[in-house]
Amino acid sequence: MKYVTIVGKDFEEAVHKARENYGPALRIHSRRDVMVRGGFLWMSKRPRVEITCYLVDPTTLETKEKLPLVEAESPKVEAVVEATPVENDVAPSKQESLLAHARMLLELNDFSSDFLQKTLDLLQDSLEGTDSNELSVLEFELIVVDKIVSLIRIDHETQLHPPHIFVVLGPTGVGKTTTLAKIAALYGLQNAPKYKRSVSMITIDSFRAGAFEQLKAFGTSLGIEVAPVANEEEFYRALTQAEDSDLVLVDTIGKSPRDKDLAVKMKTLLSVPNSEKTRFYLVISSVMKAQDILKAIDQYSSFGISSIIITKLDESETIGNVLSVCHQRELPILFFTDGQRVPKDIHKASASTMLGQLKGFSLDFETLWTNQIGTTLVDPE
Ligand SMILES: Nc1nc2c(ncn2[C@@H]2O[C@H](COP(=O)(O)OP(=O)(O)OP(=O)(O)O)[C@@H](O)[C@H]2O)c(=O)[nH]1
Ligand SMILES: [Mg+2]
């Protein structure tokens, strides 16, 4: 078996270089952090990631994966210092190489180390019961995908039966107001009578300059009433007026709840709606760091968060960070949004929307899911 070592600025770059040079015949065996010489007169040392890969026989690849395995020129490997030599003479077992492949995919997608370990444990259990040598890479990737999906919960209940009063919460600028308008359209402009709802919108973000106007503009374009409320009395009144609506969407104040006064005001206002009929949804952006998402969940946890809406997928390279946090906090996912267009850029969370965001897999997710999506809500055009 042919082995190669490739060095990159980081793991992702090394994998990219490797894939470019060797295509699908390449399997990653291991990675390690090394220091390489560079700079003026090679005086400085820089941290790099080195991956060791082996090349499988292209005749054993499935037709879909088959690419001519050219004897590519050896990729440029910078001088490695302070690193032990790679043991190239011991071939990894098929099971080891499959698990290394899964690790590479999970790291590439920025899953947390906890999520990664759980997935690898599940994979190892699955592989114990099967003959790894019989598995193609595509078949194995299907198992990886199955394990990822098994660790993430989707809020199908709300998708199909939204509560009477639907409140969005979340840090400033994550896309609460835009998402609320998209949800209004998703249910309000629905063609299928089974899912169509009469919709009203209320904003308690009424004192900030421009906040009401922003939602009102969305409301006008969708033909939906928007009521601004500034205190408990106005909120009672707006809720009474919206009583006949199936779905009352409530937009909240886009300021950090670390602002104590605002947090108290919001808490008081949001205790007005009937708690039996009200559910709270946390909006987070996929560009947020895992630590910040965890902080936001903690800050809003006293409201009792039903599930998570993840925005700005179009601005994020990876979603492993958000999925890992949702798993860690046992929070289901309700919607994904991937753009500024109202109402187009919203999608109900599902295994297919989630997996469509994963990168590095040889699997063609679109083909995989085409016949399996039981579309229950029709996205408005
Ligand atoms: N790229 C992208 N931009 C989005 C998405 N959702 C919202 N935005 C944009 O993000 C910006 C902030 O959106 P808002 O809906 O005002 O966010 P917010 O959470 O209500 O903000 P505050 O009320 O100020 O806290 C706007 O420019 C939106 O167009 C998305 O899915 N993708
Ligand atoms: Mg807003």
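Any read-out appearing in this document is the output of simple, stated calculations on the displayed coordinates, not a laboratory observation. Computed from a predicted structure; not experimentally measured. Positions of Cβ are generated from backbone atoms using ideal geometry, with glycine treated the same way; all protein chains shown enter the neighbour counts.
What would the Debye equation give as log₁₀ I(q)/I(0) for the range 176-315 at q = 0.11, 0.18 Å⁻¹, counting only Cα atoms as equal point scatterers?
So the normalised log intensities work out to -0.41, -1.16.
Calculate the tail of P(r) for the range 197-240: the fraction of all Cα-Cα distances greater than 13 Å, expressed in %. Don't jump to the answer; show the numbers that get you there.
Values: 480 of 946 pairs.
Above the 13 Å cut-off, the range 197-240 has 51 percent of its Cα pairs.
Greater than 21 Å separation of Cα atoms is the criterion. Which listed pairs, K196/K348; K216/K289; K289/K312, meet it?
On the way: K196/K348 15 Å; K216/K289 31 Å; K289/K312 13 Å.
Too far apart for the 21 Å limit: K216/K289.
Note the full-extension length gain between D146 and D298 as 0.36 nm times their separation in residues minus their Cα-Cα distance, in nm to one decimal. Show your work: numbers first, answer last.
Details: separation 152, 0.36 × 152 = 54.72 nm, distance 2.91 nm.
Full-extension gain reported as 51.8 nm.
Return, ordered by residue number, the residues of the range 283-299 whose backbone nitrogen is under 11 Å from a label point located 7 Å along Cα→Cβ of H16.
Under 11 Å, as judged by backbone N against the label point of H16, lies no residue of the range 283-299.
How many nm is it between the label spots at K344 and E139, if each spot is 7 Å from the Cα in line with the beta carbon?
4.2 nm
In what order do H161, H16, H347 fall by count of nearby beta-carbon atoms within 10 Å, going from fewest to most?
Numbers: H161 8, H16 15, H347 19.
Arranged by neighbour count, lowest to highest, H161, H16, H347 become H161, H16, H347.
Taking 7 Å along the Cα-to-C-beta vector as the label spot, tell me the E128-E157 distance in nanometres, rounded to one decimal.
For the pair E128/E157, the computed spacing is 3.3 nm.
Taking 0.36 nm per residue of sequence separation and subtracting the Cα-Cα distance, how much length would be gained by fully extending the chain between K9 and D314, in nm to one decimal? Let's see the in-between values first.
Numbers: separation 305, 0.36 × 305 = 109.80 nm, distance 2.47 nm.
Contour length minus Cα-Cα distance gives 107.3 nm.
Return S245, S301 ranked ascending by Cβ neighbour count within 10 Å, so the fewest neighbours appear first. Walk me through the numbers before you get to the answer.
Numbers: S245 19, S301 13.
Going from sparsest to densest Cβ surroundings: S301, S245.
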